[in-house]
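Attaching a single structure in C-alpha coordinates format; questions to follow.
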Amino acid sequence: FLTGIMDGVFKNTAVISSGHIKITTHGYNVDRQLLPNDMAMIDIDEHLDELHSQFKDYFWTPRITFTGLLDVPDDFGETKEQGFAIGYAIDLFSENSRQIEIWELDRKLLSGHLPEKYNEVIMNENLARSLHLSLGEIVTFIGSTMDGAFTTFNYTLVGTFSLNIGGTDKNMMILDISGAQAALDMNNACSEILGFTHSLYYD
(Lines give C-alpha, C1' and ligand atoms only; values in the text may rest on other atoms or scores of the structure.)
Protein backbone atom coordinates (compact mmCIF):
# COMPACT_ATOMS: atom_id res chain seq x y z
CA PHE A 1 0.00 0.00 0.00
CA LEU A 2 2.76 2.47 0.99
CA THR A 3 4.81 1.50 -2.06
CA GLY A 4 1.83 2.31 -4.26
CA ILE A 5 1.40 5.70 -2.57
CA MET A 6 5.09 6.53 -2.99
CA ASP A 7 5.07 5.46 -6.65
CA GLY A 8 2.07 7.76 -7.20
CA VAL A 9 3.80 10.67 -5.48
CA PHE A 10 6.97 10.14 -7.51
CA LYS A 11 5.01 9.97 -10.77
CA ASN A 12 2.94 13.08 -10.04
CA THR A 13 6.06 15.00 -9.04
CA ALA A 14 7.88 13.89 -12.17
CA VAL A 15 5.00 14.76 -14.51
CA ILE A 16 4.14 18.15 -13.03
CA SER A 17 7.48 19.38 -11.78
CA SER A 18 10.72 17.52 -12.15
CA GLY A 19 10.73 14.85 -14.81
CA HIS A 20 13.13 12.00 -14.09
CA ILE A 21 15.84 14.29 -15.43
CA LYS A 22 15.49 18.03 -15.85
CA ILE A 23 17.65 20.25 -18.04
CA THR A 24 17.66 24.03 -17.63
CA THR A 25 20.10 26.87 -17.94
CA HIS A 26 22.15 27.62 -14.85
CA GLY A 27 20.47 31.02 -14.44
CA TYR A 28 16.99 29.51 -14.61
CA ASN A 29 17.89 26.87 -12.03
CA VAL A 30 19.22 29.44 -9.55
CA ASP A 31 15.91 31.35 -9.49
CA ARG A 32 13.62 28.49 -10.58
CA GLN A 33 10.93 29.32 -8.00
CA LEU A 34 10.43 32.66 -9.80
CA LEU A 35 9.99 30.93 -13.19
CA PRO A 36 12.58 33.26 -14.80
CA ASN A 37 11.88 32.76 -18.49
CA ASP A 38 14.36 35.51 -19.31
CA MET A 39 16.87 32.74 -18.49
CA ALA A 40 15.15 30.17 -20.70
CA MET A 41 16.82 27.71 -23.07
CA ILE A 42 17.06 28.72 -26.73
CA ASP A 43 17.66 26.71 -29.93
CA ILE A 44 15.82 23.81 -28.31
CA ASP A 45 15.27 21.87 -31.57
CA GLU A 46 19.02 21.32 -31.72
CA HIS A 47 19.19 20.27 -28.07
CA LEU A 48 16.26 17.87 -28.44
CA ASP A 49 17.80 16.21 -31.51
CA GLU A 50 21.00 15.65 -29.56
CA LEU A 51 19.19 14.26 -26.52
CA HIS A 52 17.03 11.89 -28.57
CA SER A 53 20.16 10.66 -30.35
CA GLN A 54 22.52 10.24 -27.40
CA PHE A 55 20.23 9.34 -24.48
CA LYS A 56 17.74 6.82 -25.83
CA ASP A 57 16.83 5.39 -22.42
CA TYR A 58 14.63 8.47 -21.95
CA PHE A 59 12.05 10.35 -23.95
CA TRP A 60 12.52 14.12 -23.89
CA THR A 61 9.98 16.90 -23.93
CA PRO A 62 10.20 20.72 -23.73
CA ARG A 63 8.05 22.75 -21.38
CA ILE A 64 7.30 26.38 -20.61
CA THR A 65 5.95 27.24 -17.18
CA PHE A 66 4.69 30.79 -16.75
CA THR A 67 2.41 32.90 -14.61
CA GLY A 68 0.25 35.93 -15.22
CA LEU A 69 -3.13 37.53 -14.95
CA LEU A 70 -6.21 36.30 -16.79
CA ASP A 71 -8.74 38.93 -17.81
CA VAL A 72 -12.26 38.04 -18.90
CA PRO A 73 -13.96 40.81 -20.91
CA ASP A 74 -17.66 41.57 -20.97
CA ASP A 75 -19.71 42.32 -24.10
CA PHE A 76 -18.24 45.83 -24.23
CA GLY A 77 -14.61 44.73 -23.87
CA GLU A 78 -14.38 45.87 -20.27
CA THR A 79 -12.97 43.66 -17.52
CA LYS A 80 -15.62 41.36 -16.07
CA GLU A 81 -13.38 39.04 -14.02
CA GLN A 82 -9.66 38.73 -13.32
CA GLY A 83 -7.58 36.02 -11.69
CA PHE A 84 -4.07 34.65 -11.30
CA ALA A 85 -3.04 31.58 -13.30
CA ILE A 86 -0.02 29.36 -13.77
CA GLY A 87 0.37 28.01 -17.28
CA TYR A 88 1.89 24.65 -18.16
CA ALA A 89 2.75 24.68 -21.84
CA ILE A 90 3.55 21.11 -22.85
CA ASP A 91 4.01 19.31 -26.14
CA LEU A 92 0.49 18.22 -27.01
CA PHE A 93 0.70 18.24 -30.80
CA SER A 94 3.86 16.35 -31.78
CA GLU A 95 3.19 12.97 -33.33
CA ASN A 96 5.29 10.98 -30.83
CA SER A 97 4.59 13.08 -27.75
CA ARG A 98 3.45 11.15 -24.66
CA GLN A 99 2.29 14.18 -22.69
CA ILE A 100 -1.43 13.43 -22.94
CA GLU A 101 -0.67 9.91 -21.73
CA ILE A 102 1.53 10.81 -18.77
CA TRP A 103 -0.73 13.69 -17.62
CA GLU A 104 -3.71 11.32 -18.09
CA LEU A 105 -5.58 14.22 -19.63
CA ASP A 106 -8.14 12.09 -21.45
CA ARG A 107 -9.26 10.63 -18.11
CA LYS A 108 -9.05 13.86 -16.11
CA LEU A 109 -10.87 16.08 -18.58
CA LEU A 110 -14.24 17.02 -17.08
CA SER A 111 -15.78 18.94 -19.98
CA GLY A 112 -14.99 20.01 -23.52
CA HIS A 113 -11.99 18.69 -25.42
CA LEU A 114 -8.21 18.94 -25.42
CA PRO A 115 -6.54 21.87 -27.24
CA GLU A 116 -6.37 21.41 -30.99
CA LYS A 117 -4.94 24.85 -31.86
CA TYR A 118 -2.08 26.89 -30.42
CA ASN A 119 -4.46 29.48 -28.93
CA GLU A 120 -6.69 27.01 -27.08
CA VAL A 121 -6.37 26.13 -23.39
CA ILE A 122 -7.92 23.86 -20.80
CA MET A 123 -8.28 25.03 -17.19
CA ASN A 124 -8.79 23.57 -13.78
CA GLU A 125 -12.54 23.57 -13.20
CA ASN A 126 -12.20 25.77 -10.10
CA LEU A 127 -10.23 28.41 -12.01
CA ALA A 128 -12.78 28.46 -14.84
CA ARG A 129 -15.61 28.69 -12.31
CA SER A 130 -13.99 31.54 -10.39
CA LEU A 131 -13.63 33.49 -13.64
CA HIS A 132 -17.22 32.64 -14.66
CA LEU A 133 -15.85 31.29 -17.93
CA SER A 134 -17.82 29.01 -20.24
CA LEU A 135 -16.41 26.77 -22.95
CA GLY A 136 -15.73 28.68 -26.14
CA GLU A 137 -15.20 32.02 -24.39
CA ILE A 138 -12.10 34.18 -24.77
CA VAL A 139 -9.75 34.95 -21.89
CA THR A 140 -6.85 37.41 -22.19
CA PHE A 141 -3.50 36.51 -20.67
CA ILE A 142 -1.55 39.49 -19.32
CA GLY A 143 2.12 38.96 -18.47
CA SER A 144 5.73 39.38 -19.59
CA THR A 145 7.63 38.04 -22.57
CA MET A 146 10.96 36.26 -22.43
CA ASP A 147 12.61 39.67 -22.89
CA GLY A 148 10.64 41.29 -20.07
CA ALA A 149 8.25 43.21 -22.31
CA PHE A 150 4.55 43.56 -21.53
CA THR A 151 2.35 41.13 -23.45
CA THR A 152 -1.31 40.27 -23.87
CA PHE A 153 -2.62 37.22 -25.70
CA ASN A 154 -6.12 35.85 -26.26
CA TYR A 155 -6.84 32.20 -25.54
CA THR A 156 -10.06 30.25 -26.04
CA LEU A 157 -11.22 27.94 -23.25
CA VAL A 158 -12.03 24.55 -24.76
CA GLY A 159 -12.08 22.27 -21.72
CA THR A 160 -11.89 21.92 -17.95
CA PHE A 161 -10.05 19.32 -15.89
CA SER A 162 -9.15 18.20 -12.39
CA LEU A 163 -5.90 16.37 -11.68
CA ASN A 164 -7.17 15.28 -8.25
CA ILE A 165 -3.95 16.28 -6.50
CA GLY A 166 -5.24 18.76 -3.95
CA GLY A 167 -4.50 22.45 -4.39
CA THR A 168 -1.54 21.97 -6.74
CA ASP A 169 -3.66 22.42 -9.86
CA LYS A 170 -6.09 25.02 -8.44
CA ASN A 171 -4.90 27.88 -10.69
CA MET A 172 -3.55 25.75 -13.51
CA MET A 173 -4.16 26.00 -17.21
CA ILE A 174 -2.64 23.66 -19.80
CA LEU A 175 -1.90 24.42 -23.42
CA ASP A 176 0.40 23.37 -26.23
CA ILE A 177 3.90 24.81 -26.02
CA SER A 178 3.36 26.66 -29.31
CA GLY A 179 0.69 28.77 -27.61
CA ALA A 180 3.09 29.92 -24.91
CA GLN A 181 5.90 30.52 -27.39
CA ALA A 182 3.59 32.83 -29.34
CA ALA A 183 2.41 34.72 -26.25
CA LEU A 184 5.84 35.08 -24.63
CA ASP A 185 8.01 35.65 -27.73
CA MET A 186 9.82 32.37 -27.05
CA ASN A 187 10.22 30.97 -30.56
CA ASN A 188 12.31 27.77 -30.38
CA ALA A 189 12.80 28.34 -26.63
CA CYS A 190 11.54 26.71 -23.46
CA SER A 191 11.86 26.94 -19.69
CA GLU A 192 13.23 23.42 -19.36
CA ILE A 193 13.54 20.06 -21.05
CA LEU A 194 12.30 17.06 -19.07
CA GLY A 195 13.43 13.48 -19.56
CA PHE A 196 11.32 10.44 -18.58
CA THR A 197 12.14 6.76 -18.56
CA HIS A 198 10.11 4.91 -21.17
CA SER A 199 8.44 2.82 -18.45
CA LEU A 200 7.68 5.96 -16.40
CA TYR A 201 9.13 4.12 -13.39
CA TYR A 202 11.74 6.01 -11.36
CA ASP A 203 14.20 3.95 -9.30
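The values are calculated or read from the model by the stated rules, or taken from the named source; none is laboratory data. Remember, it's a predicted structure, so these values are computed and weren't measured experimentally. All Cβ positions, even for glycine, are placed from backbone atoms using ideal geometry, and neighbour counts span all protein chains on display. Accessible surface is based on the protein model in full, side chains and every heavy atom, while ligands, DNA and RNA are left aside. Shrake-Rupley method; radii C 1.70, N 1.55, O 1.52, S 1.80 Å.
Grab the Cα-Cα distance for residue 135 and residue 182, subtract it from 0.36 nm times how many residues apart they are, and report the gain in nm with one decimal.
Contour length minus Cα-Cα distance gives 14.7 nm.
Further question on the same structure: With r as the distance between the Cβ atoms of residue 25 and residue 154 and R0 = 35 Å, compute the FRET efficiency 1/(1 + (r/R0)^6) and round to 0.05.
E between residue 154 and residue 25, to the nearest 0.05, is 0.75.
Give me the accessible area per residue for the chain, probe 1.4 Å, as a whole number in Å².
53 Å²
Which order do peptides 174-185, 23-34 fall in by mean Cβ count within 10 Å, highest first?
174-185, 23-34
Right, next: If you count the DSSP beta bridges with both ends in the chain, what percent of them are antiparallel, to the nearest 5?
Within the chain, antiparallel bridges account for around 80 percent of the total.
Using 0.36 nm per residue of separation minus the Cα-Cα distance, give me the extension gain between residue 95 and residue 111 in nm, one decimal.
Gain on stretching residue 95 to residue 111: 3.4 nm.
Over the alpha-carbon set of region 12-97, work out the extent along each principal axis and list the three values in angstrom, largest first.
54, 33, 28
Let me check I've understood the local charge: for residue 163, count other residues with C-beta under 11 angstrom from its C-beta, Lys and Arg +1, Asp and Glu -1. What total comes out?
Spelling it out: positives minus negatives among the neighbours equals 0.
On to the next question. Provide the gained length on full extension for the span residue 201 to residue 45, in nm with one decimal, where the gain is 0.36 nm per separating residue minus the Cα-Cα distance.
Full-extension gain reported as 53.5 nm.
At q = 0.11 Å⁻¹, what base-10 log of I(q)/I(0) does the Debye formula yield for the chain when every alpha carbon is treated as an equal point scatterer in vacuo?
So the normalised log intensities are -0.51.
Ok, one more. Give me the percent of the accessible area of region 69-203 that comes from carbon and sulfur atoms, probe 1.4 Å, all protein chains in place.
Roughly 46 percent, rounded to a whole number.
What number, in percent, do you get for the relative contact order of the chain if the mean sequence gap of Cα pairs under 8 Å and at least 6 apart is divided by its residue count?
Computed over the chain, the figure is 32 percent.
Remind me, relative contact order of region 89-203 in percent, using alpha carbon pairs under 8 angstrom and six or more residues apart?
Answer for region 89-203 is 33 percent.
Here's something else I'd like to know. Positive end of the dipole of the chain, charges at C-beta (+1 Lys, Arg; -1 Asp, Glu), about the Cα centre: which of 171, 105, 13 has its Cα farthest in that direction?
Positive-end residue among those listed: 13.
May I have the count of lysine pairs in the chain with C-alpha atoms under 28 Å apart, counting pairs 8 or more residues apart or located on different chains?
The result is 14.
Calculate the all-directions average of the projected area of region 76-163's alpha-carbon convex hull, and give it in nm².
So the Cα hull casts an average projection of 6.6 nm².
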